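Quick note: the coordinates plus some simple rules give every number you see, no bench work behind them. Small disclaimer: the values here were computed from a predicted structure and weren't measured. Using ideal geometry, Cβ is built from the backbone for each residue, glycine included, and neighbour counts are taken over all protein chains shown.
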Amino acid sequence: MKEENVIISKGLTKRFGGFTAVDAITFEVKKGEIFGFLGANGAGKTTAMKMLIGISNPTGGEAMVAGFDVHTQQDAIKKNIGYMSQKFALYDDLTVAENITFYGGIYGLSRKQIREKRTKLIETLGLGEIAHQLVGSLPLGWKQKLAFSVAMLHDPQIVFLDEPTGGVDPITRRQFWEMIYKAADKGTTIFVTTHYMDEAEYCHRVSIMVAGKIEALDTPKKLKEQFEVSSMNDVFLRLARNIE
Amino acid sequence: MKRFLGFVRKEFYHIFRDKRSLFILFGMPVAQILLFGFAITNEINNVDIAVLNQSKDVNTQEITQKIDASKYFTIKRFLTSEKEIEEAFKKGDIKAVINFEKDFSEHLIKEGQGSIQILTDATDPNTASAITNYISSIIQSYQQQQNQGVQMDYQIHPEVRMVYNPELKSVFMFVPGVMTIILMLVSAMMTSISITREKELGTMEILLVSPLSSFQVIVGKVVPYIFLSMINAAIIIFLGITVFKMPIAGNLILLGLESVLFIITSLALGILISTMVKTQQTAMMISLMGLMLPVILLSGFIFPISSMPPPLQVISNIVPAKWFITIAKGIMLKGVGLGYLLKETLILIGMTVFFIALSIKKYKIRLE
Amino acid sequence: MGILVENISKSYKNVAAVKDISFEVKPGELYGLIGPDGAGKTTLFRILTTLLVADKGQAKVAGYDVVQDYKNIRHSVGYMPGRFSLYQDLTIEENLNFFATIFGTSIEENYDLIKDVYEQIEPFKNRRAGKLSGGMKQKLALSCALIHKPKVLFLDEPTTGVDPVSRKEFWEMLKRLQQKDITILVSTPYMDEAALCDRIALIQEGKILEIDSPEAIVKKIPKKIYDIYASNMYGLLTALKDFEHAHSVFPFGEFVHYTDKREGFDSNELKIYLENKNLQDVSISLTEPDIEDVFMELSRK
């Protein structure tokens, strides 16, 4: 079982001066799992995620991501994960095809691989007609779907998604989640943050962070049973309220 | 009025809380003045020169001795013919040659006029200019000594010729020049950045959807920078006087008033820029490229306008800095009064009115 | 003193952002514009707050025409733009004071109105706005928009990017504000917030899909909706999409919302079909539609 855990965090901690943003979080994420990482604004989600993707040094604890140490092997981590956030995804002033080529390039794919992936991706997303349009002119939903595919371009073991569906219309949001399911089905691990509580229900397991600590971690079903409520929204409200 | 004052107070909060812009605001004038000041130093000491004395009479020998005796110059060698002058410069160990004409004393006594040619190596124009000034003043003081008790004035004409860079102008240029740059930069760049920042932040939307009029917003943005720019102007003049012994020949109050006028011109330009662009970055780019470069290149600060190609001379007329540099130089160096600067002042006023009118016309009461 | 919008259209270059939109907000109503990013919500808000002029159509806010009487509107409305638009380098108190001053009032004068909101952030009043959490920024922005006692309040996506706890608190505050005779027009991409409005307009791609109260709007869906569960979500989704009679298949929390093309639908038939696809723990039950179902059904057309 142990080699199946692609993220192992033991007491991972980040302090900024006297303020502890992430307070000794311990959890595991299995291969092919869709792991929902929830928390209120300022609960420490983003900080924790930055440590896991190797762009921020932990001040305590340890974590292994895709088999690499977050303290010493940050470069190796970056090669083995994909990352997509609502804020930074694609270059608006490059075309769809150029964006794909660019990201393929930074992840070290060969020209041949890039060409194959690009053709396949444009075909599966049905972007044929607009492959040479600037990304900036696409509707948000398309951009996000494209961004997700680009983050998956180098077949990473784990994809980190930071609020990927904010502001997207309900149908596109669901299409996006279908892409996530598909990727997970093929064995990619998905680590996702969201403010949509119905999306939390789509996850296999969910952790909820409150004030730097993970206060709950289980399947959505068990969490609802544990708190005796009918939706994840209520679970969330219970937890956050109780702590305050 | 209370609304307006509230707005101005907010502007001051912004300025004093942004350490970076505060540094630019007050650090830059000091740094620039010191940089320009020490780069264009006019101190000279023991400069090696050569003398070509074609006359060899009492007067020329006395002048030569006087020059050699000063702490500024050392006579390295004596030349024997004009042919040797160029050779001497090419060797590079002397900075100037003093050439007394043939029969100098005779000319001086009979015609009351004698000529001395001063040749300087102007590859380093500032030193060259200082050398000629020093030599000229030594000759002049000799002339005054001679004229005491003499009925007819002898006049010695030091004929200055600078080789390699004949158009050289005064070294004291840099104080008015730096002052112009700083006032332009602080006023235009800072206001345009501060207005576009509100656009970027989205606060401009709220300001628009408030009872504040566009006039109040614009003037509210401008008032703090008028104060700050005046402080800057004072710092520059103070440094010029104390550190570089710059003589202020004219009226300080007039200089102050003219500076305020130029500050307002620059602020109006800054506002105009901000009405046309959306981001702080473009505002900064336009201020730097569109204002700084013309100020440095076309205002006569570094390159004399009179030696520019005619098309550039025409273009230089639309650079406000050109007119202010003329005014500042006039007051600081020549000590002239408003009467002599009326044309320049009126042109600046005209430009200011034009920019303000254009910005008010361009300032939108809505987005887009 | 509400809002009246008649046949408003607005294009940017060649892209139509708002297409012939009409609706009316009654005085004292809490009215929601519900739609995703790019639906035209912000454009509409900017037209109503006099920041933009529409290409076609007319609109009145608090009885004033948005073009001719724009000055009057600017005195009498409160506006909270989509992005966090306060001065980051000013403290909470300085921000509030500034907005009070430019509207010609003071914090003390209208303290009653903002008390409910402001009290929650008052302990931090000397903290700079840039250092506040998302929820606190949102409360400060609301206080600033309210400080001059506006007749109409425009809130453009006030809860975007804000966590569910803060969102819930925010809506509770709006409900209480409504009691103080303020007409509120609020936009949001979160469909679950729609239920908290008196009336809502569903908007997509510059057009209004439907207007009604949240209770009435969900009754407009003609299809019966079934909650379908199976242990393997991805398998369930693909199986349902392959089912020849499927009308719509959307994941909804732990279930899939399913509608059938046919009038007479037999859940047993579908259950057998799914079980033949090797899906386990299959359950099918009729469920009540919610606003998101309505939105998706309407936007399919």
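Annotations
- Gap separating the Cα centres of the range A:45-106 and the range C:80-131, nearest whole Å: 37
- Fewest neighbouring Cβ atoms within 10 Å first, the residues B:LEU358, B:LEU312 line up as B:LEU312, B:LEU358.
- Hits among aspartates and glutamates - C-alpha to C-alpha of C:LYS71 under 19 Å, sequence gap 8 or more where chains match: B:GLU205, B:GLU368
- The range B:312-368 and the range C:231-294: distance between their alpha carbon centers, rounded to Å: 76
- Förster-model FRET efficiency, 35 Å R0, B:GLU87 and B:LEU34, C-beta, rounded to 0.05: 0.35
- Dipole in debye (nearest 20) - the range C:221-300, about Cα centre, beta carbon charges: Lys, Arg +1; Asp, Glu -1: 240
- Burial ordering of A:ARG173, A:ARG205, fewest other beta-carbon atoms within 10 Å first: A:ARG205, A:ARG173
- Flagged links, alpha-carbon separation over 28 Å, of C:LYS168/C:LYS223; A:LYS145/C:LYS271; C:LYS26/C:LYS56: C:LYS168/C:LYS223; A:LYS145/C:LYS271
- In degrees, nearest ten, helix B:58-69 long axis to first principal axis of chain B (Cα): 50
- Approximate spin-label separation B:LEU257-B:GLN281, in nm, with each point projected 7 Å along Cα-to-Cβ: 4.5
- Label separation (B:LEU297 vs A:GLU228): 7.9 nm, computed from points 7 Å beyond Cα along the C-beta direction.
- Springs between Cα atoms under 10 Å define the GNM used for chain C, and in it the highest mean-square fluctuation of C:GLY264, C:GLY135, C:GLY38 occurs at C:GLY264.
- Residues C:LYS261 and C:SER11, FRET efficiency given R0 of 41 Å [Cβ-Cβ distance, rounded to 0.05]: 0.65
- Rounded tilt (10° steps) of A:111-124 against the dominant C-alpha axis of chain A: 80
- Note on the range C:3-218: with charges restricted to the Cβ of Lys and Arg (+1) and Asp and Glu (-1), its dipole about the Cα centre is near 540 debye.
- Relative contact order (%) - criterion: Cα under 8 Å, at least six apart; region: the range C:3-218: 30
- Relative pair counts by distance (%), Cα atoms of the protein assembly as shown, 20 Å bins: 12, 32, 28, 15, 10, 3, 0
- Extension gain, A:ASP218 back to A:ARG15 (0.36 nm per residue minus Cα-Cα distance, nm): 70.5 nm
- Distance between modelled label sites at C:ASP242 and B:LYS110, nm, 7 Å Cα→Cβ extension: 12.4
- Extended-chain gain in nm, criterion 0.36 nm per residue less alpha-carbon gap, A:LYS79 and A:GLU129: 14.9 nm
- Shielding score for C:94-104, defined as the mean number of other chain Cβ atoms within 10 Å: 5
- For peptide C:76-85, the mean count of partner chain Cβ atoms within 10 Å of a residue's Cβ comes to 4.
- Within straight-line reach of B:LYS2, meaning a Cα separation under 19 Å, sit the following aspartates and glutamates at least 8 residues removed in sequence or on another chain: B:GLU11, C:GLU93, C:GLU94, C:GLU108, C:GLU109.
- Overall form of the range C:109-207 per C-alpha gyration tensor (a/c, 1.5; a/b vs b/c): oblate
- For the residue pairs B:LYS245/B:LYS334; C:LYS151/C:LYS175; C:LYS41/C:LYS149; C:LYS115/C:LYS151; A:LYS45/B:LYS19, alpha carbon separations beyond 19 Å are given by C:LYS41/C:LYS149; A:LYS45/B:LYS19.
- Residues considered: A:ILE190, A:ILE171, A:ILE77. Largest GNM mean-square fluctuation over chain A, using C-alpha springs under 10 Å, is found at A:ILE171.
- Distance violations [Cα-Cα > 32 Å] among A:LYS31/C:LYS137; A:LYS143/C:LYS19; A:LYS213/B:LYS10; B:LYS90/B:LYS329: A:LYS31/C:LYS137; A:LYS213/B:LYS10; B:LYS90/B:LYS329
- Set of lysines with alpha-carbon distance to C:LYS277 below 21 Å, sequence-local pairs under 8 removed: A:LYS182, A:LYS186, C:LYS241, C:LYS261
- Euclidean distance between Cα centres, the range A:139-192 to the range C:138-167, Å: 31
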